[in-house]
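Here is the structure we will look at.
The values are calculated or read from the model by the stated rules, or taken from the named source; none is laboratory data. Note that this is a predicted model, so its numbers are computed, not measured. No Cβ is skipped: glycine too gets one built from the backbone with ideal geometry, and neighbour counts run over all protein chains shown. For the accessible areas, the whole protein counts, side chains as well, though only heavy atoms, and no ligand, DNA or RNA atoms are used. Shrake-Rupley method; radii C 1.70, N 1.55, O 1.52, S 1.80 Å.
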Amino acid sequence: KMGDGFAQSVATAVSTLSALSATEWSPDRILESLKSAAEKQGLKLGDALQPIRVVLTGSTVSEPVNELLAVVGREESLARLRRAVA
């Protein structure tokens, strides 16, 4: 694990992204939702997104996280994020 902040960011991502329906699962809508969640928690967007990137790719480098989530798909993305905080 990468610490409490990491787990908290992933848990926030799960709750935020779970609220999006399959029809809302687009790069723009994903980014909008994650930005809003980061602001509510007083996090920089990058700090909120990096744990998602690490969970999905195993790396700190990838295409933009919202595009990555859109390509991986709603169900698989949420499954991986949930496993990371389990």
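Of note:
- Charge dipole (debye, nearest 20) of the chain; +1 at Cβ of Lys and Arg, -1 at Cβ of Asp and Glu: 260
- Per residue of the chain, the DSSP helices (runs of n ≥ 4 H) give a summed -39500 (n - 2.57) that works out to -22500 deg cm²/dmol at 222 nm.
- With every protein chain in place, the chain: carbon and sulfur % of accessible area (1.4 Å): 53
- Applied to the range 76-86, the Karplus parametrisation 6.51 cos²θ - 1.76 cosθ + 1.60 on θ = phi - 60° returns per-residue 3J(HN,Hα) values of 5, 4, 5, 4, 5, 5, 5, 4, 5, 9, 6 Hz, with x for Gly and Pro.
- The candidate values are [x] 3, 15, 21, 20, 15, 8, 7, 5, 3, 2, 1; [y] 3, 14, 26, 25, 18, 9, 3, 1, 0; [z] 3, 16, 31, 29, 18, 4, 0; the one derived from this structure for P(r) over Cα pairs in 5 Å bins from 0, in percent carries the label [z].
- Heavy-atom accessible surface of the chain, averaged per residue, reaches 56 Å², computed with a 1.4 Å probe.
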